[in-house]
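Remarks on the structure that follows.
The values are calculated or read from the model by the stated rules, or taken from the named source; none is laboratory data. All figures in this text were calculated on a predicted structure; none of them were measured in a lab. Cβ: placed from backbone, ideal geometry, glycine included. Neighbour counts: every protein chain shown.
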Amino acid sequence: MIFRDKRYIVLFLAPTILLLFTFLLYPLIQSVYYSFTEWYNFSNTKTFIGLDNYKDLVNDPIVGIALKNTLILILGAVFLQAGGGLLLALLTDSIKRGFKFFRTVFFFPIVISGTAIGLMFSLIYNYDYGLLNAIVRALGWSEQVWLTENSAIYLVLVPILWQYVGFYFVIFLTGMSKIPEDIYESAVLDGITGWRKSVYITIPLLRDVIASCLTLATAGALKVFDVVYIVTKGGPLNSSELLSTYMYAKAFNGQNAGYASTIVIAMMVLGIVITVLLNRLVKKEAVSY
Amino acid sequence: MVNKMVRPALPQIFVYALLIFWASTTIVPLLWVLLNSFKSSEEILTQSFAWPESFAFSNYLKLNEYGNINIVKGFMNSMLISGSVVFGVALFGGLASFILARFSFRGKKYFTFLFVICMLLPQFAVIIPNFIIIEKIGLNGTYLSVILPQVAGNLSFAIIMMTAFMASLPGELEEAAVMDGASIWKIFYRITLPLCMPIFATVSIMVFLWSYNELLLPLVYLPIRDMQPISVLLSLVSNAYGTDYGAMMAAITISIIPLLVLYMFSQETVIKGLTAGAVKG
């Protein structure tokens, strides 16, 4: 049934369009404009300073740290999250019982907020009451301060990576269930079994799924905020800062919100560049069964 | 590496051992938090892994005592805010999807394009300007200051999902209703809406999860402690509660309960929805 009544079209679309323009599209343009201004404390005076914020951005050592940390996060996401998810999916695919149980348990952390997970892990790393020091005590070793300048970024990575392994696990599992059974049957006839089945058949046939997982892992890494904000707030001494936490600190702690907007633009550009590059890299002919 | 002999599959016991190891990494920390939420701070320090001496709810009752960092109030705020976000997304998204799925008009493809762009747009891209816009339109200090931006942020994803679903529904019932002289409005809420309940359920669950777990938006848009959702209060707990670790464990537990319930009752929907929604900005 196709309707044409214009009054309904306007009436039914109006609230959505109004909301999208007010809270997404108009502010997006504003973000770009702010990135060229100097603007302290959200005061009424914004000074247009051209590209100065962008020059500062390139020379800002903390942006350097944040970029390095984001890169570590992306590598971790690709190899440990997506890789771990693939490994768990291959293992689960080969067992006969308990498949549903593992899927339920592996996926559960994704449902929980980064805030709760962050707080949980800051309790785990805590000096006096933490889980890690409790284990250390039980083993008879001496307690440690876990979150130091050198270790902080890796320790905040643990919850982030841990949380999403189950996500890639489910995606790979779904991909595997779409591979037709007869491919495996003919492989068995050729004497290919066990892990060689995974290496020579499953993984090559999952290439498209692996490609989309890589894109999701990188895009997801750029959006991380909660866990780092809760566990370290980017510290100690900015050592675990990400672009997102640095942007938040710059914008909402009475500093230059124009510069914070520049960081926002940099994050978006980074996201687009990485996504385009990844798509170029992995997009060849699609796998068909 | 090519071995003529047929290799046996990985020993099943080894496979299970690895899987159980990973399962325990997701279960043990949560169980540790749950069990410790029933212990006093001394008990947490001395017997971190033991079964609690008694299942006392004193830590939970204490959550009321920390002035305006009141987790129980935060929980109610979360329900109010996320419930309203779900309602707003379902209402406006439902109307817009009905137009996209059942109406033909010039420029329709630009709307579809617009929704895809808005879906991919991450929230951090608009957080600073929205902080000002909320003040300009007089929403600051109201629940609407977090509700409306979240509705806007989730609408595009909902519309794309719901339009696809509605377009796949057969049109015969609607044609019959037109023959009977029903108005478009009546067709929408008497015929299309009831048929779309499954997709409304899916979208609502997803939007609730995202909204309930959102930290950055309420942190920035709603600075009034009494109105803040549980996610923001959780971010303050480790400073405000000092060394009252039992209370912190209780706060985490309370914040997880609604998610656990939702996950237990609609696991398939949650898993499918969250993997489909991964592209959302």
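Kindly check whether there is at least one residue in the stretch A:81-88 that is surrounded by fewer than 13 Cβ atoms within 10 Å (Cβ to Cβ), at pLDDT 90 or above and part of a helix (DSSP H, G or I). The answer is no; no qualifying residue exists.
Looking at B:Ile71, is it within 8 Å of chain A (Cβ to nearest Cβ) and closer than 30 Å to A:Gly254 by Cα? Reasoning before the result, please.
Values: within 8 Å of chain A (Cβ to nearest Cβ): no; closer than 30 Å to A:Gly254 by Cα: yes.
Against the criterion (within 8 Å of chain A (Cβ to nearest Cβ) and closer than 30 Å to A:Gly254 by Cα), B:Ile71 does not qualify.
The condition of being more than 8 Å from chain B (Cβ to nearest Cβ) and in contact with a Phe, Trp or Tyr (Cβ under 9 Å, 6 or more places away or on another chain) holds for A:Leu86. A Cβ distance below 8 Å, combined with a sequence gap of six or more or placement on separate chains, defines the contacts here; from the stretch B:188-213, residues that are more than 22 Å from B:Leu262 (Cα to Cα) reach no residue that is of a type in the set (S, T, N, Q). Listed by first and then second residue, the pairs with beta-carbon distance under 6 Å, at least 6 apart or on different chains, first residue in the stretch B:253-268 and within 9 Å of chain A (Cβ to nearest Cβ), second surrounded by 17 or more Cβ atoms within 10 Å (Cβ to Cβ) and assigned to a helix (DSSP H, G or I), are B:Ser255/A:Ala116; B:Ser255/B:Ile230; B:Ser255/B:Leu234; B:Ile256/A:Ala116; B:Leu259/A:Val111; B:Tyr263/A:Val111; B:Tyr263/B:Val270.
For the stretch A:45-57, the count of residues that are surrounded by fewer than 18 Cβ atoms within 10 Å (Cβ to Cβ), assigned to a helix (DSSP H, G or I) and either in contact with a strand residue (DSSP E or B) (Cβ under 6 Å, 6 or more places away or on another chain) or free of Cβ contacts under 8 Å to residues at least 12 places away in the same chain (or both) is at least one.
Can you confirm whether the stretch B:179-192 contains a residue that is within 19 Å of B:Ser97 (Cβ to Cβ), in the same structural domain as B:Leu121 (by TED's automatic domain parsing), outside any helix (DSSP H, G or I) and touching a helix residue (DSSP H, G or I) at 6+ places or on another chain (Cβ under 6 Å)? Checked against the condition, which is being within 19 Å of B:Ser97 (Cβ to Cβ), in the same structural domain as B:Leu121 (by TED's automatic domain parsing), outside any helix (DSSP H, G or I) and touching a helix residue (DSSP H, G or I) at 6+ places or on another chain (Cβ under 6 Å), the stretch B:179-192 yields no hits at all. If only residues of the stretch B:152-185 that are of a type in the set (S, T, N, Q) and without any contact (Cβ under 8 Å) to a residue 24 or more places away in the chain are counted, the one that is nearest to B:Trp210 (Cα to Cα) is B:Ser168.
Rundown of residues vs (1) assigned to a helix (DSSP H, G or I); (2) modelled with pLDDT of 90 or more, yes/no style:
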| position | (1), (2) |
| --- | --- |
| B:Leu233 | yes, yes |
| B:Gly242 | no, no |
| B:Ser255 | yes, yes |
| B:Leu259 | yes, yes |
| B:Glu268 | yes, no |
| B:Thr275 | yes, no |
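Among the residues of the stretch A:1-37, those that are farther than 16 Å from B:Pro129 by Cβ and facing chain B (nearest Cβ under 7 Å) comprise A:Met1, A:Ile2, A:Phe3, A:Arg4, A:Asp5, A:Tyr8, A:Ile9, A:Phe12, A:Leu13, A:Pro15, A:Thr16.
Within the bounds of the stretch A:239-253, is there any residue that is surrounded by fewer than 22 Cβ atoms within 10 Å (Cβ to Cβ) and modelled with pLDDT under 85? The answer is no; no qualifying residue exists. When A:Val227 is tested against (1) assigned to a helix (DSSP H, G or I); (2) of a type outside the set (S, T, N, Q); (3) surrounded by fewer than 22 Cβ atoms within 10 Å (Cβ to Cβ), only condition (3) is not met. Among the residues that make up the stretch A:184-193, is at least one of them in a helix (DSSP H, G or I), over 21 Å from A:Leu91 (Cβ atoms) and among the small types (Gly, Ala, Ser)? Yes, because at least one residue in the stretch A:184-193 is in a helix (DSSP H, G or I), over 21 Å from A:Leu91 (Cβ atoms) and among the small types (Gly, Ala, Ser).
Go over the candidates A:Val136, A:Val170 one by one and state the one that is in a helix (DSSP H, G or I), more than 10 Å from chain B (Cβ to nearest Cβ) and out of contact with any Leu (no Cβ under 8 Å at 6 or more places or on another chain). Give the derivation first.
Details: A:Val170 fails: more than 10 Å from chain B (Cβ to nearest Cβ).
Result of the check over A:Val136, A:Val170: A:Val136.
The residues of the stretch B:88-145 that are aromatic (Phe, Trp, Tyr) and in contact (Cβ under 8 Å) with a residue 24 or more places away in the chain, listed by number, are B:Phe92, B:Phe98, B:Phe115, B:Phe124, B:Phe131, B:Tyr143. Out of the stretch A:155-174, which residues are touching a Ser or Thr at 6+ places or on another chain (Cβ under 9 Å) and free of Cβ contacts under 8 Å to residues at least 40 places away in the same chain? Within the stretch A:155-174, A:Thr174 is the sole residue that qualifies.
Scanning the stretch A:60-102 for residues that are of a type in the set (Val, Ile, Thr) and farther than 23 Å from A:Gly220 by Cβ yields a single hit, A:Ile95.
Condition check ((1) at pLDDT 95 or above; (2) at the interface with chain A (Cβ under 9 Å from one of its Cβ atoms); (3) surrounded by fewer than 21 Cβ atoms within 10 Å (Cβ to Cβ)) across all residues:
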| position | (1), (2), (3) |
| --- | --- |
| B:Gly88 | yes, yes, no |
| B:Phe98 | no, yes, no |
| B:Phe105 | no, yes, yes |
| B:Lys109 | no, no, yes |
| B:Phe113 | no, no, yes |
| B:Val116 | no, no, yes |
| B:Lys136 | no, no, yes |
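Look at A:Val199 and say whether it is assigned to a helix (DSSP H, G or I), closer than 19 Å to A:Val78 by Cα and hydrophobic (A, V, I, L, M, F, W, C). Yes; evaluated as a whole, the condition is true for this residue. Being more than 8 Å from every other protein chain (Cβ to nearest Cβ), within 30 Å of B:Gly94 (Cα to Cα), in contact (Cβ under 8 Å) with a residue 12 or more places away in the chain and in contact with a Pro (Cβ under 6 Å, 6 or more places away or on another chain) is true of B:Pro229.
The set of residues in the stretch B:59-78 being part of a helix (DSSP H, G or I) and touching a residue at least 40 places away in the same chain (Cβ under 8 Å) consists of B:Asn59, B:Tyr60, B:Lys62, B:Ile71, B:Val72, B:Lys73, B:Gly74, B:Phe75, B:Asn77, B:Ser78. Would the stretch B:111-128 turn up any residue that is among the aromatic types (Phe, Trp, Tyr) and either farther than 19 Å from B:Lys280 by Cα or not assigned by TED's automatic domain parsing to the domain that holds B:Gly273 (or both)? No.
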